[in-house]
1. Give me the distance between the Cα centres of the range 324-348 and the range 142-186, rounded to whole Å.
2. For the range 1-74, what is the convex hull volume of its Cα atoms per residue in Å³?
3. For the pairs K200/K315; K103/K200; K18/K55; K103/K192, note any where the Cα-Cα span goes beyond 21 Å.
4. Could you pull out every residue, at least 5 positions away or on a different chain, whose amide H is within less than 5 Å of the one on T159? Hs are placed 1.01 Å off N in the peptide plane, and Pro or chain starts have none.
5. Once you keep just the Cα pairs under 8 angstrom separated by 6 or more residues, what percentage relative contact order results for the range 70-154?
6. Can you run phi through the Karplus equation (6.51, -1.76, 1.60; θ = phi - 60°) for the range 133-144 and list ³J(HN,Hα) in whole Hz, with x for Gly and Pro?
7. What is the Å³ per residue value for the convex hull set by the Cα atoms of the range 26-175?
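Each reported figure results from applying straightforward, stated rules to the coordinates on display, with no laboratory input. Nothing here was measured: the structure is a model prediction, and the numbers come from that model.
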Amino acid sequence: MAAIAPASSTDLLDLVRKSNILPAERLLALPGADALPREPAKAATALLKQGFITKFQATQLLAGRHKGFRVGPYVIHDLLGRGGMGAVYLGVHLELQRKVAIKVLAPGKGEDQRLALERFLREARAVAALDHPNIVRIFDVARHNDAPYLVMEHVDGETLQQTLDRDGRVPFEVAAEYVAQAAAGLQHAHEKGFVHRDIKPGNLIRDRFGMVKILDMGLARSASDKDKLTEKLDEGAVVGTADFISPEQAINCPKVDGRADIYSLGATLFTLVAGKTPFDGNTTQKLMQHQMKGAPTLIAADATLPAELSAVVAKMLEKKPGDRIQTAAEVVAALAPWTGASARVLAGLSRTAAGQGDSRASLGDWSLNGSSSRLRTDNGDRSSIDAAALDLTQAGKATAAMSASETARSRTPAGLPTMAEREEREEREPKPAPKNRNTVFIAIGLAGAVLIAGILIGWLAFGR
């Protein structure tokens, strides 16, 4: 039966009651038709201002729709996005009043629907296996009217693609921190045996506090030999996004590993900083260029950018996986000169096996002693990185207190200095002079001179 738009405020209130949008106590507080403007649109505006309905709900109700607002215990408040596999909605749990993102699989039939369902459930399994602050968490997977849906963490923010669309480009220091956070999340996923395979600005979302989280594990591939699902689903298909796809993905290589994500993350960093993707053209041309053409460097796109950062991006965008930065944790290490002691990066890396350790050193100390001093550029704009610069032996130890660092800012007991106050106090306190090899040699030389002088004096006084 076709939806019939309401002709009066009475009709609109009837639709609100049928929709199950409001819990019982709010339904009792709903104003009567006599307290609202007669015109449905004006009545909807009044209900919106009073907090009874949302803008999305008002649009649907004014179109005569009263179904589809409830998914299990959740009420749909807004449409967040729509894609080929389905739609993502903002939902609120009626009892807990917790906001979530609900991904509902689009209806369909035949083999395509079977594959879509398999990918959908694979995303649920992939995300459920991961627990990291830089990866969007999944709370539940269920069915509503035979339609599968995922209940995921809601991130109040915008994707980095939305940031690019609005601002054109991102300052390189900010972009480096965003990518370092994403790399920390990828390190966790790779350690758990998952490769994302579709890293791009649109799949990285930043909340209003600056925390970046990875979205959309629908293409995630398990590295386990026991899991043949991905191999069956992706047989003969190229997966990924043309602007950011790795060369090995572009030819549907069956042995794709975490280094494919590093390439895509490098293309993402290039795009954020340069304000454009590495390659231009149609989809086929882009795929060919990822295969055959050397990626442009950041300093070629903008000569004012740091050559060292350009070197890092160039290393991430090497054609051969073996020539790239090898792990996501090493990407964090390489970007340390521009992320400093970022609590968000530190917290993310500390939740990985590579970032475990017991040193009290910060990532800022690591960046001063690590990769930044070993970066070099060869032949002008062609960049490379000393492999020793990416050694994580010390990096892992340097990140033990990361996750606690951000918590400490908000949980410091009364009377005790906060983390920021302690850092400021340490900066004011005089620091001991550094001990180095030259100081030791000088001390030994002075001691020897004193000894020789003593022997000479004794010989003059008594030896004769």
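1. So the separation of the two Cα centres works out to 18 Å.
2. Details: hull volume 6.2 nm³, N = 74.
That works out to 84 Å³ per residue.
3. Numbers: K200/K315 18 Å; K103/K200 19 Å; K18/K55 18 Å; K103/K192 24 Å.
The answer is K103/K192.
4. R206
5. Details: 138 pairs, mean separation 21.1, N = 85.
Averaging sequence separation for qualifying contacts and normalising by length gives 25 percent for the range 70-154.
6. Each residue's phi maps through the Karplus curve to give x, 9, 10, 4, 8, 10, 9, 6, 9, 7, 10, 9 Hz.
7. Numbers: hull volume 25.6 nm³, N = 150.
Hull volume normalised by residue count: 171 Å³.
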